[in-house]
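The numbers here are math on the coordinates, done by the rules we state, and not lab data. Please read all numbers here as calculations on a predicted model, not as lab measurements. Cβ atoms come from the backbone with ideal geometry, glycine included; neighbour counts cover every protein chain shown.
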Protein chains: 2
Amino acid sequence: MSLAVINYHQGMSRWEPNARGRLLQAALELYVERGFEQTTVAEIAKLAGLTERTFFRYFADKREVLFWGAAALQELLVSTVAGAPDSEAPITVIGTAIEAAGAVFQEGREGALLRQSVIAANAELQERELIKLASLASAMADALRKRGVSDPGASLSAEAGIAVLKIAFERWINETSPQDLPQLIRELFAELKVVTGAT
Amino acid sequence: MSLAVINYHQGMSRWEPNARGRLLQAALELYVERGFEQTTVAEIAKLAGLTERTFFRYFADKREVLFWGAAALQELLVSTVAGAPDSEAPITVIGTAIEAAGAVFQEGREGALLRQSVIAANAELQERELIKLASLASAMADALRKRGVSDPGASLSAEAGIAVLKIAFERWINETSPQDLPQLIRELFAELKVVTGAT
DNA sequence: AACGTCATGTCAGCGAATGACATCGCTCTC
DNA sequence: GAGAGCGATGTCATTCGCTGACATGACGTT
């Protein structure tokens with residue numbers, strides 16, 4: 001890994017565009033090189049050519065930088081659930097949505113690996129990841145209820161889907177030669193079916 | 001709610017026993033009265049007749065006070081899983097363990113209500129709760145593997161069990177006249193079976 | 001009575017986060 | 001094209017969570 005020699009603002013004056021992007025890139029680089037705890041917000045801001053105060057105008061806290069993509073993922077899941085044919089069973093709808101999420105992760109696996117290695121090394125980041133996942137489950141359950149799915153079933157299906165995503169992602173990220181993530185997700189849904197009550 | 005008039009050390013000198021207990025009680029009282037964020041560690045320590053530094057010798061951080069019971073819960077879950085008859089299916093073993101946890105919550109519902117109202121009002125506390133739940137799932141999955149359950153199934157069963165516990169607890173805590181929690185858990189496991197499409 | 005040990009106190013300091021206010025650069029208008 | 005307005009950024013001060021280093025007090029042992 002190379003040291004942080006690049007200064008993302010260099011000769012730039014104030015008002016250089018893409019402040020959020022510069023902060024994002026600077027933070028990721030430092031988190032990967034030194035680790036999350038060993039990186040201060042002041043360092044990130046300096047590398048991006050901004051001040052500490054500005055960092056907190058773009059990101060609620062030091063952790064949030066790593067979870068910037070969560071909103072888009074939530075939109076994908078919700079819209080996939082909302083757009084599914086009315087005839088499909090709730091668990092099938094959730095399965096389709098989770099597979100779509102898996103396909104997104106599959107592109108850009110290198111970035112996901114880097115990001116996950118940072119998260120795996122820090123408990124605070126794992127906490128943040130878990131609450132994002134819980135938020136995804138909650139949003140999917142809402143989307144199911146809008147389709148007329150009644151309540152214990154909606155929550156259970158959504159939570160089950162997130163559980164599958166967690167386990168599938170973990171396996172996929174730890175594989176040296178990765179298999180197809182959506183397919184792995186499909187297999188885990190099948191396994192879940194077996195596990196919960198094969199007679 | 002009464003203001004914090006009680007000083008848990010009063011005329012006590014140094015070396016008064018049960019420092020952890022006093023900190024626990026002081027923290028809970030202040031969290032309930034003022035809310036978690038509005039309570040400083042210095043205030044907790046003062047109410048307990050100790051110093052801020054000593055608080056951090058007993059609790060890793062300000063949040064951990066509210067999760068002191070998690071270790072005992074984990075032991076209960078793991079030992080229940082470990083002690084189940086060999087003939088039982090993994091999901092049944094998990095179901096028994098989760099029901100046992102539910103029974104523990106059922107005693108002391110008032111305390112659980114108070115605790116949960118504090119947690120519900122603060123995102124950081126929800127994060128900590130989620131990582132504790134994830135830790136419970138991980139511990140149960142380990143316990144299943146020691147019984148010879150192979151890996152995708154062990155993780156899936158454990159995560160499904162935790163999902164059921166989450167949903168059951170949430171419903172139970174929001175009921176004015178609460179039904180039997182272990183029974184609610186049993187019903188949710190049945191519903192999960194239906195939802196996943198197990199025939 | 002001296003000693004060692006363990007719990008607690010004291011002190012100094014770092015870093016995350018936030019509020020209040022100043023300042024800079026762009027754009028729009030007259 | 002000079003000034004007004006405005007949004008993005010900087011500056012400053014402060015609070016609070018948390019930690020390390022070291023001092024001190026109480027207790028049991030010999």
For region A:19-65, shape from the Cα gyration tensor axes a ≥ b ≥ c, cut at a/c of 1.5 then a/b versus b/c, turns out prolate
Nearest-20 debye value, chain A charge dipole, Cβ charges on Lys, Arg, Asp, Glu | 520
Three-way shape call for the protein assembly as shown based on the alpha-carbon gyration tensor, with the a/c threshold at 1.5 = oblate
Please name which of A:Val93, A:Leu23, A:Ser155 has its Cα lying farthest along the dipole of chain A towards the positive end, using unit charges on Cβ (Lys, Arg +1; Asp, Glu -1) and the Cα centre as origin.
-> A:Leu23
Helix B:90-106 sits off the longest principal axis of the Cα atoms of chain B, rounded to the nearest 10 on a 0 to 90 degree scale, by 30
Does region A:77-145 come out rounded, prolate or oblate, given a ≥ b ≥ c as the square roots of the eigenvalues of its C-alpha gyration tensor, rounded meaning a/c under 1.5 and, failing that, prolate meaning a/b above b/c?
-> oblate
With N residues in region A:1-149, what two-decimal value do you get for its Cα radius of gyration over 2.2 N^0.38 Å?
-> 1.25
With Cα coordinates, the longest principal axis of chain B makes an angle with the long axis of helix B:19-34, in degrees rounded to 10, of 90
Structure-based [θ]222 nm, chain A - -39500 (n - 2.57) summed over DSSP H runs of at least 4, per residue, nearest 500 = -22500 deg cm²/dmol
Would you mind estimating how fast region A:69-197 diffuses translationally, via Stokes-Einstein at 10 °C and 1.306 mPa s with the Kirkwood radius over Cα pairs, in µm²/s?
-> 106
Using Cα pairs under 8 angstrom and six or more residues apart, how large is the relative contact order of region A:32-123, in percent?
-> 32
Angle between chain B longest axis and helix B:151-173 axis [Cα atoms, degrees, rounded to 10] | 50
Which listed pairs, of A:Lys146/B:Lys166; B:Lys62/B:Lys193; A:Lys132/B:Lys62; A:Lys166/B:Lys146; A:Lys166/B:Lys166; A:Lys62/A:Lys193, have C-alpha distances above 28 Å, in listed order | B:Lys62/B:Lys193; A:Lys62/A:Lys193
Inter-copy separations for B:Val104, label at 7 Å along Cα-Cβ, nm, ascending | 3.7
With springs connecting C-alpha atoms under 10 Å apart, model chain A as a Gaussian network and identify which of A:Ala168, A:Ala19, A:Ala72 has the largest mean-square fluctuation.
-> A:Ala72
